[in-house]
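Asks: My questions all concern the structure below.
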Amino acid sequence: MAKVKLTKTELKAQSDALKRFQRFLPMLQLKKQQLQAEIAEIVVNIEELKARHTAAEKALESWVSLFSGSADELEQLVSLDRVVTGTNNIAGVTIPIYTGLETQVAEIDLFATPVWVDDAVKTITAMIEFKAERAVLNKQCELITIELNTTSQRVNLFEKVKIPECKENIRIIKIALGDEQTASVTRGKIAKSRCKSPEEEEAA
């Protein structure tokens with residue numbers, strides 16, 4: 001800890017700094033809570049998408065035996081062109097928001113292809129969508145986690161370093177100023193007694 005000046009000016013500076021830290025700390029704590037709640041919600045959404053993706057994979061497996069090719073070939077019926085995203089602001093963090101995707105469906109001979117292939121295409125498209133949305137959610141979680149770590153560090157800095165440091169500095173300065181005032185009064189009395197005339201001393 002840097003040596004603090006034992007002056008009234010420094011006392012005011014430390015008092016002002018303490019007020020600032022105490023004013024900003026609740027805001028940082030609230031932001032920390034918001035970020036934690038947002039991450040918890042994202043994790044729930046990711047787990048839900050994983051479950052839906054797994055269910056879609058199982059549904060796709062039921063058609064693989066009916067398809068002349070492999071599961072990979074069946075999945076190639078639909079290809080991803082682009083994931084469409086927007087942006088949102090969460091507690092000061094700009095995050096991507098999933099809004100949709102653009103896909104291409106392979107040309108299908110309606111006369112040579114069984115009817116269930118249409119359902120397979122829908123399932124494959126849903127699987128691509130689940131995967132794309134999950135990737136966006138993972139990115140959200142990554143960005144918010146970075147901000148949460150930064151905010152947590154600031155909360156800890158204010159709570160465990162800055163505020164206690166200011167309080168200790170204020171205590172030290174007040175003691176020093178009090179001692180100085182006492183010494184000044186004592187010096188004044190001594191000086192006054194030395195300046196007394198013989199008559200005043202006799203009267204005393």
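Asks: Of the residues that make up segment 182-202, is at least one out of contact with any helix residue (DSSP H, G or I) (no Cβ under 6 Å at 6 or more places or on another chain), surrounded by 10 or more Cβ atoms within 10 Å (Cβ to Cβ) and modelled with pLDDT of 75 or more?
Replies: Checked against the condition, which is being out of contact with any helix residue (DSSP H, G or I) (no Cβ under 6 Å at 6 or more places or on another chain), surrounded by 10 or more Cβ atoms within 10 Å (Cβ to Cβ) and modelled with pLDDT of 75 or more, segment 182-202 yields at least one hit.
Asks: While we're looking at this one, here's another question. Taking segment 133-154, which residues are over 14 Å from GLU47 (Cα atoms) and either among the basic types (Lys, Arg) or crowded, with 17+ Cβ neighbours inside 10 Å (or both)? Break it down into steps so the answer makes sense when it comes.
Replies: Quick first cut of segment 133-154, residues over 14 Å from GLU47 (Cα atoms) only: 139-140, 142-154.
Selection gives LYS139, GLN140, ILE144, GLU147, LEU148, THR151, ARG154.
Asks: Another question, then. Here is a list of conditions, (1) touching a residue at least 12 places away in the same chain (Cβ under 8 Å); (2) within 18 Å of LEU148 (Cα to Cα), and ALA56 meets all of them except one; can you say which number that is?
Replies: (2)
Asks: Give the residue, chosen from LYS58, LYS31, LYS3, that is basic (Lys, Arg) and either modelled with pLDDT of 90 or more or in contact with an Asp or Glu (Cβ under 9 Å, 6 or more places away or on another chain) (or both). Spell out how you get there, then give the answer.
Replies: Details: LYS58 fails: either modelled with pLDDT of 90 or more or in contact with an Asp or Glu (Cβ under 9 Å, 6 or more places away or on another chain) (or both); LYS3 fails: either modelled with pLDDT of 90 or more or in contact with an Asp or Glu (Cβ under 9 Å, 6 or more places away or on another chain) (or both).
It is LYS31.
Asks: In segment 16-44, what residues are buried (at least 16 other Cβ atoms within 10 Å of the Cβ) and farther than 16 Å from GLY92 by Cβ?
Replies: Of everything in segment 16-44, those that are buried (at least 16 other Cβ atoms within 10 Å of the Cβ) and farther than 16 Å from GLY92 by Cβ turn out to be ALA17, LEU18, PHE21, LEU25, ILE42.
Asks: Does any residue of segment 86-96 turn out to be touching a Ser or Thr at 6+ places or on another chain (Cβ under 7 Å), modelled with pLDDT of 90 or more and polar (S, T, N, Q)?
Replies: Yes.
Asks: Another one. Can you find, within segment 9-34, the residue that is nearest to the chain's Cα centre (by Cα) among those that are closer than 10 Å to CYS166 by Cβ and hydrophobic (A, V, I, L, M, F, W, C)?
Replies: The first filter runs over segment 9-34 and keeps only residues closer than 10 Å to CYS166 by Cβ, leaving 13-22.
Filter once more, keeping what is hydrophobic (A, V, I, L, M, F, W, C): 13, 17-18, 21.
Details: ALA13: 30, ALA17: 24, LEU18: 24, PHE21: 19 Å.
Looking at residues that are closer than 10 Å to CYS166 by Cβ and hydrophobic (A, V, I, L, M, F, W, C), I get PHE21.
Asks: Continuing with this model, one more query. Please determine whether any residue of segment 115-131 is buried (at least 17 other Cβ atoms within 10 Å of the Cβ), acidic (Asp, Glu) and closer than 21 Å to GLN76 by Cβ.
Replies: Yes, that holds for at least one residue.
Asks: Read through the list (1) aliphatic (A, V, I, L, M); (2) in contact with a helix residue (DSSP H, G or I) (Cβ under 8 Å, 6 or more places away or on another chain); (3) modelled with pLDDT under 95, then give the number of the only condition that ILE39 fails.
Replies: So ILE39 meets the others, but not (3).
Asks: May I pose another question? When you go through LYS167, LYS174 one by one, which is the residue that is in contact (Cβ under 8 Å) with a residue 40 or more places away in the chain, part of a helix (DSSP H, G or I), basic (Lys, Arg) and under 15 Å from GLN22 (Cα atoms)?
Replies: Details: LYS174 fails: under 15 Å from GLN22 (Cα atoms).
Checking each option against the conditions leaves just LYS167.
The values are calculated or read from the model by the stated rules, or taken from the named source; none is laboratory data. Computed from a predicted model, the values in this text were never measured in an experiment. Quick reminder, even Gly has a Cβ in these numbers, built from the backbone with ideal geometry, and neighbours come from all protein chains shown.
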